[in-house]
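To start, the structure under review is shown below, and the notes come after it.
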Amino acid sequence: MKKGIVIVCIIFLFLICFYLIYKNAFFDSEVDVVQKSELETNESDVRIDDHMKCTSDQECVPATCCHPTEVVNKNFSPNCSGRLCTMSCETILDCGRGKPVCNNGFCDIDVLQ
């Protein structure tokens, strides 16, 4: 009986440690993107327009790591290394239904037919 309780406690502690170590890899957060962008630019007065400005399609990338709904200039993109996302097709940029493009000097989404 005591041995069973000890095993259950060890498993429970293992699960808590796993969650604390890997929780950021499983959940995408808009806050991470903003904080990273502010750190990279070292400017406190960056306007939203600056995040969207572009001169070519190659400068535009998804604004978030998982299931993006917006695009930004690659200089303001999130660091997605180590990030795990589901394979579900939830947004227009998922599964090749749309792609980031530069449209009249601003990053935009081109919906593919």
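What to note about this one:
- Near pairs, Cβ below 7 angstrom, 6+ apart or cross-chain, from the stretch 85-99 (closer than 14 Å to Cys65 by Cα) to any residue that is among the polar types (S, T, N, Q): Thr91/Thr69
- When Ser56 is tested against (1) surrounded by 10 or more Cβ atoms within 10 Å (Cβ to Cβ); (2) at pLDDT 70 or above, exactly one condition is not met: (1).
- Matching residues, the stretch 93-106, being buried (at least 17 other Cβ atoms within 10 Å of the Cβ) and farther than 9 Å from Asp57 by Cβ: Leu93, Asp94, Gly98
- Residue within the stretch 40-53 that is surrounded by fewer than 10 Cβ atoms within 10 Å (Cβ to Cβ) and either modelled with pLDDT of 90 or more or farther than 30 Å from Gly105 by Cβ (or both) present: no
The values are calculated or read from the model by the stated rules, or taken from the named source; none is laboratory data. It should be emphasised that the depicted structure is a prediction, and the values quoted were computed from it without experimental measurement. Positions of Cβ are generated from backbone atoms using ideal geometry, with glycine treated the same way; all protein chains shown enter the neighbour counts.
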